[in-house]
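The values are calculated or read from the model by the stated rules, or taken from the named source; none is laboratory data. These numbers were taken from a predicted model, which means no experiment stands behind them. All Cβ positions, even for glycine, are placed from backbone atoms using ideal geometry, and neighbour counts span all protein chains on display. SASA here: full protein model, heavy atoms, side chains in, ligands and nucleic acids out. Shrake-Rupley method; radii C 1.70, N 1.55, O 1.52, S 1.80 Å.
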Amino acid sequence: MRCSQAIPSCEKGTEHKMQQPCRDFALRCVHLGKSFAVHREQRVWRLLLGMETHRKGPVVEALRDISLTVPRGKIVGVIGRNGAGKSTLLRLLGQVYTPTTGSIEINGQIAGLFELGGMGNPNLTGREYAIRYLQFMGVPGASVATVLDDIADFSELGGAFDQRIRTYSSGMAARLYFAVATACQHEIYLIDELLSVGDEHFQAKCWRRMRERLLNGASGVLVTHDWTAIVKLCEQACVIDEGRFSFVGSSDLAVVRYLDLPVPEARAARFPDTIPQEFVLESGEDSSVTVPVEVLEDLPVELAISVEMLRIGIGWEIVILSEYHAVGDKAGRYTVVFTIPALPLAPGRYSLNLFLARRALPGQRHRVGLDCRSWTYGNGLALRIEGRPLPAAVTLPFRVQAIPAEVA
């Protein structure tokens with residue numbers, strides 16, 4: 001389906017005006033709301049018999065005052081707990097539901113990766129379902145055979161592709177539906193928890209395909225309660241709670257708000273407030289990170305650091321991870337210096353994470369966390385690497401030595 005239009009609410013007095021295509025965004029909703037009437041069994045019969053047509057019953061507000069803009073070429077994430085309203089929002093954007101309040105503007109062709117399989121029935125074969133879907137999406141007849149081959153190959157159904165869907169397991173059906181829905185490049189994708197289907201091998205294929213679609217300029221909305229999916233595909237994300245957005249911003253900060261992890265109380269040892277919030281280093285140069293530590297009690301304290309970078313389509317990647325180093329076992333103030341010869345990181349922005357822990361005592365298997373600075377807790381430190389742009393994220397020193405002909 002390709003459209004460039006405003007979808008009105010069903011409130012009285014709301015006008016439906018066609019919109020001209022806008023190049024700034026692919027999809028937008030403004031002050032969106034959705035309410036569902038609660039009909040008890042006896043009242044349903046009274047409605048069917050025409051005995052009460054004007055009497056209002058109880059309603060449930062599934063969504064309230066939702067405003068969202070999806071820029072062209074971007075995937076915006078919506079993360080929340082079960083029952084928060086994620087799927088309702090996606091169905092409104094996909095025009096399955098009509099909004100009670102607000103409006104939706106769509107500029108492009110939509111592929112809804114939710115309620116997959118709704119276009120067919122279980123008596124269709126996988127091939128018949130795929131053909132029906134492709135015809136509905138307007139794929140030219142001359143291209144159908146090629147696309148069918150791609151669907152059969154991607155879904156890995158083998159001979160089951162020509163068997164009836166009612167004989168499929170839930171995993172086989174999910175693979176078919178995903179392969180069909182993503183076989184062709186679309187402008188806008190609406191994705192609902194779909195990338196978690198199948199085994200690890202098939203999930204990796206799903207991620208690769210979605211990354212390809214994203215790199216080809218696709219836009220979309222991903223709703224999920226899997227925060228790792230948000231940081232893999234989205235630069236911007238929203239946290240939805242009880243039908244409302246409680247946070248809108250960068251995906252890493254949205255994950256922090258969603259996880260709401262408790263930070264250690266830092267009673268025995270801590271990082272003081274004087275610790276810099278940003279470190280600036282030079283790529284390729286001998287570098288050091290100086291960290292102040294306060295030990296408040298006599299106990300063996302250790303410190304480790306990590307450096308992570310966010311790569312869209314991949315997620316947060318650890319590029320440097322140190323082992324734990326002893327700080328001290330007596331109360332006092334300490335300065336820890338981590339030295340990195342010929343810093344191998346490319347210029348850019350990274351997250352610097354610090355972990356302070358008590359060394360595992362005899363008979364104990366794990367360290368006890370004392371304090372931390374990490375993006376997952378919302379208190380991570382920024383690391384800015386400056387220097388000449390590099391074609392890779394990490395550069396490693398190497399040496400080439402020619403072997404004399406008489407030796408060779």
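Assuming 0.36 nm per residue, please report the length gained on full extension of the stretch R399 to E128 beyond their Cα-Cα distance. Don't jump to the answer; show the numbers that get you there.
Working: separation 271, 0.36 × 271 = 97.56 nm, distance 5.84 nm.
Contour length minus the Cα-Cα distance gives 91.7 nm.
Keeping all protein chains in place and using 1.4 angstrom, which order do W316, W227 fall into by accessible surface area, from largest down?
W227, W316
Starting with the highest mean, order 370-381, 389-400, 286-297 by the number of other Cβ atoms within 10 Å, averaged over the residues of each peptide.
Packing proxy ranking, top to bottom: 370-381, 286-297, 389-400.
Which percent of the accessible heavy-atom area of the chain goes to carbon and sulfur, probe 1.4 angstrom? Present the calculation step by step, with values, prior to reporting the outcome.
Working: 11140 of 22050 Å².
Whole-percent figure for carbon plus sulfur exposure: 51.
Using only DSSP helix segments of four residues or longer, with each worth -39500 (n - 2.57), what per-residue ellipticity at 222 nm results for the chain after dividing by its residue count and rounding to 500?
It lands at -6500 deg cm²/dmol.
Distance in nm between label sites at A204 and D273, each 7 Å beyond Cα in the beta-carbon direction?
Using points 7 Å along Cα→Cβ, the separation is 4.8 nm.
At 0.890 mPa s and 25 °C, plugging the Kirkwood radius over alpha-carbon pairs of the range 60-180 into Stokes-Einstein gives what diffusion coefficient in µm²/s? Mind showing how you got there, number by number?
Working: Rh = 16.6 Å.
Answer, rounded: 148 µm²/s.
Using the Karplus curve 6.51 cos²θ - 1.76 cosθ + 1.60 with θ = phi - 60°, work out ³J(HN,Hα) for each residue of the range 283-295 in order, rounded to whole Hz, and write x for Gly and Pro.
The phi angles translate into 4, x, 9, 4, 10, 8, 10, 9, 10, x, 9, 10, 9 Hz.
Antiparallel as a % of all DSSP beta bridges within the chain, to the nearest 5?
Among the beta bridges of the chain, antiparallel pairing accounts for roughly 75 percent.
State the dimensionless ratio Rg/Rh of the range 134-221 (Rg: radius of gyration of Cα atoms; Rh: Kirkwood radius).
0.95
At 0.36 nm per residue, and after removing the present C-alpha to C-alpha distance, how many nm does the segment from A342 to V368 gain when stretched out fully?
Contour length minus Cα-Cα distance gives 6.1 nm.
In nm, to one decimal, how far is the modelled label at R166 from the one at L259, with both set 7 Å along Cα→Cβ?
4.6
Amide H of Y97: which non-local residues (sequence gap of 5 or more, or other chain) have their own amide H closer than 5 Å, using H built in the peptide plane?
Under 5 Å from the amide H of Y97 lie the amide H atoms of L92, each far enough along the sequence or on another chain.
Once the piece of chain linking S306 and T228 is laid out straight, how much longer is it, given 0.36 nm per residue of separation minus the C-alpha distance between them?
The S306-T228 span can extend by a further 26.2 nm.
Check which residues have an amide H placed less than 5 Å from A62's amide H, if you skip close sequence neighbours.
Those lying under 5 Å, H to H, from A62 are K34, S35, F36.
If I ignore ligands, DNA and RNA and count only protein heavy atoms, how much of R209 is accessible to a 1.4 Å probe, in Å² to the nearest 10?
Surface accessible to solvent at R209 totals approximately 20 Å².
With a 1.4 Å probe and every protein chain left in place, work out the accessible area per residue of the chain in Å², rounded to a whole number.
54
What percent of all Cα-Cα pairs in the chain falls into each 20 Å bin, going from 0 up to the bin containing the maximum distance?
Bins of 20 Å from zero give 21, 43, 29, 7, 0, 0 percent of pairs.
Rounded to the nearest 0.05, what FRET efficiency do H31 and A326 give with R0 = 45 Å and r taken as the Cβ-Cβ distance? Could you check?
0.20
Along the charge dipole of the chain, Cβ charges K/R +1 and D/E -1, which of A393, P58, L356 sits furthest on the positive end?
P58
What FRET efficiency, computed as 1/(1 + (r/R0)^6) with R0 = 30 Å and r the Cβ-Cβ distance, is obtained for D24 and D150, rounded to the nearest 0.05?
0.40
Would you please give the FRET efficiency between R359 and L215, computed as 1/(1 + (r/R0)^6) with r the Cβ-Cβ distance and R0 = 51 Å, to the nearest 0.05? Provide the component values of the computation, followed by the final result.
Values: r = 45 Å, r/R0 = 0.89.
Step by step, r from the Cβ atoms, then E = 0.65.
DSSP H helices in the chain with Cα extent of 18 Å or more along the helix axis and mean Kyte-Doolittle hydropathy at least -1.0?
141-155
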